[in-house]
Protein chains: 2
Amino acid sequence: MTSTSTPVPGSVAGSAAPADRIARRQVDKFAERRRQLADAALLTLSERGYARTSLREIAKDSGFSHGVLHYYFRDKVDLITYCVRQYKAHCVERHDGIVATATAPDALLAGVADALAGTLAQDALMHRLWYDLRSQSLFEESFRADVAEIDDSLERMIWRTVEAYAGLVGAVPTCSPSFAYATVDGLFAQALLRHLAGAPDALDDLRAGVRRQLPTLVG
Amino acid sequence: MTSTSTPVPGSVAGSAAPADRIARRQVDKFAERRRQLADAALLTLSERGYARTSLREIAKDSGFSHGVLHYYFRDKVDLITYCVRQYKAHCVERHDGIVATATAPDALLAGVADALAGTLAQDALMHRLWYDLRSQSLFEESFRADVAEIDDSLERMIWRTVEAYAGLVGAVPTCSPSFAYATVDGLFAQALLRHLAGAPDALDDLRAGVRRQLPTLVG
DNA sequence: GACGCTCTTGGACGGTCGTCAAGGAATCCT
DNA sequence: AGGATTCCTTGACGACCGTCCAAGAGCGTC
């Protein structure tokens, strides 16, 4: 787009047409700033919560003026939706590979329990935001699809854990994926609630709870 | 009402001093209107969610003008807090007596599962509001104490169920109250999510999930 | 150096919010 | 009946919201 007659603007001898490169670079720049703004938004959102975060506040924390958000995002819903998707990527990526490293049942149990307790402690504000947005999706129709998609990916993540554990103990899962996710997520949500309220034993209880619940899901 | 000079409005001959009666009646009237307004607020809140409900909207749904809310409540937080307490009473009262009627383990399981599925279907909007407010309490310091109190009462409610079931099967609970509550509440929250999303098997899955999880909590 | 384009700014608009005060309406008491 | 008190309405205020827009800055291209 808007390509002029310049054949090669950069030093790289590209085989692609210059118009493509220019377009790609512009797109990349655009997408990169989108990501950057979404990162700042995610940070502000996790600190203040969805209901109390305004676009002006997000922009201020990002170092830009409030008008720029409407240059990169159609409206507030577009921004939040993009943030939620970014959150999903960040979340699933973090949990990948934990299950695969364990070779013994108890090691898997300990690994998963520690991983859950670890991310709960480290990304507490992010998880808080997740439960906030999940609640909001029950009222705001616009969020429902994206939230449901993330919830499904989390359910699949837990289900992979159950399947791996079943394989290590030479058994098969005896429950549905949604049952496994619901109970483990319940433990996680409760632990987050108590952790943020200052309960010192929240993390240990989460670890113990996961180690207790997972074996009941196979047989 | 609109009584004229009649000395005795009611038929009951009160021995209390008139001033006391007057004061009490005024207090009762004040408290009664508070309850009435809180009821309307609870209804509006459950339909629109905390973040999207304004005092003007609550007042309009209650049939009063928006200014009256500040006559009966100090500010918005005072109103919401009062509503939450009212919600707690409504919720715990509804669940009382379900456990006591069962005399066989399987009847208890079925009763509890049906009760949970029933209230989820019937009071779905109210439960949605509860999870909304519980999420808000993670951000808004003012709600935290009241929400934690309700959460405790729910945990105790589940724990009573576990103890009753353990008694019927001649065993004792083998988990902590918070573990029992976390897993059951996880099942309930997930079922609510799917039920409101239109999943037809959400209620059955909740029933099956409760019937499966409860026996694993005793031994 | 002038132009064209992308990127960014900051102000303005209409709307809604919580809060409050002044005054009218209803009710109560003597 | 009439004054005192309680109850409720109405309108206003300042603040903040999402959104839009005109204008300027930055910068590579001719």
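The values are calculated or read from the model by the stated rules, or taken from the named source; none is laboratory data. Values in this document were obtained by computation on a predicted structure and should not be read as measured data. So basically every Cβ, Gly included, is an ideal-geometry build from the backbone, and we count neighbours across all protein chains shown. Accessible surface is based on the protein model in full, side chains and every heavy atom, while ligands, DNA and RNA are left aside. Shrake-Rupley method; radii C 1.70, N 1.55, O 1.52, S 1.80 Å.
Assorted remarks:
- List A:V68, B:V84, ordered by accessible area with a 1.4 Å probe, largest first: A:V68, B:V84
- Using θ = phi - 60° and Karplus 6.51 cos²θ - 1.76 cosθ + 1.60, couplings along segment B:35-40 (whole Hz; Gly, Pro as x): 4, 4, 5, 5, 4, 4
- The alpha carbons of chain B give a radius of gyration and a Dmax of 21.5, 70 Å, in that order.
- Teacher prompt: B:T101 distances to equivalent labels in other copies, 7 Å Cα→Cβ, nm: 5.2
- Buried surface between chains B and A: roughly 3200 Å² of accessible area, summed over both sides, computed with a 1.4 Å probe on protein heavy atoms only.
- Label 7 Å beyond Cα on the Cβ vector: B:R56 copy-to-copy distances, nm: 1.9
- Extension reserve of the A:A89-A:A31 stretch, reckoned as 0.36 nm per residue once the Cα distance is removed: 19.3 nm
- Label points for B:A121 are taken 7 Å from Cα along Cα→Cβ. From this copy to the others they lie 4.5 nm apart, shortest first.
- Computed from the alpha carbon positions, the gyration tensor of the protein assembly as shown leads to an equivalent ellipsoid with semi-axes of 46, 35, 17 Å, biggest first.
- Reduction of at least 30 Å² in accessible surface, 1.4 Å probe, comparing all protein chains with the chain by itself, residues of segment A:125-142: A:R128, A:D132, A:R134, A:S135, A:Q136, A:L138, A:F139
- Of A:K29/A:K76; B:K29/B:K76; A:K60/B:K88, those spanning more than 30 Å from alpha-carbon to alpha-carbon: A:K60/B:K88
- Here the relative contact order of chain A, from alpha carbon pairs under 8 Å that lie six or more residues apart, stands at 19 percent.
- Rg over Rh, two decimals, segment B:20-73 (C-alpha only, Kirkwood Rh): 1.08
- The amide H of B:V218, built 1.01 Å from its N in the peptide plane, has B:T174 as neighbours under 5 Å, considering only residues 5 or more places off or on other chains.
- Based on protein heavy atoms only, chain B ends up with 50 Å² per residue of surface accessible to a 1.4 Å probe.
- Derived scalar couplings ³J(HN,Hα) [segment A:136-144; Karplus, 6.51 cos²θ - 1.76 cosθ + 1.60; whole Hz; x for Gly, Pro]: 4, 5, 6, 10, 9, 4, 5, 8, 4
- Whole-percent carbon and sulfur share, accessible surface of the protein assembly as shown, 1.4 Å: 55
- Whole-Hz ³J(HN,Hα) from phi, Karplus 6.51 cos²θ - 1.76 cosθ + 1.60, for segment A:78-89, glycine and proline x: 4, 5, 4, 4, 4, 4, 4, 4, 4, 4, 4, 4
- For segment A:178-192, residues shielded by at least 50 square angstrom of accessible area compared with the chain on its own, probe 1.4 Å: A:F179, A:A182, A:Q190
- Using a simple spin-label model with pseudo-atoms 7 Å out from Cα toward Cβ, B:D114 and A:D39 lie 5.7 nm apart.
- Intensity falloff of segment B:77-181 expressed as log10 I(q)/I(0), Debye formula with alpha-carbon point scatterers, at q = 0.10 Å⁻¹: -0.33
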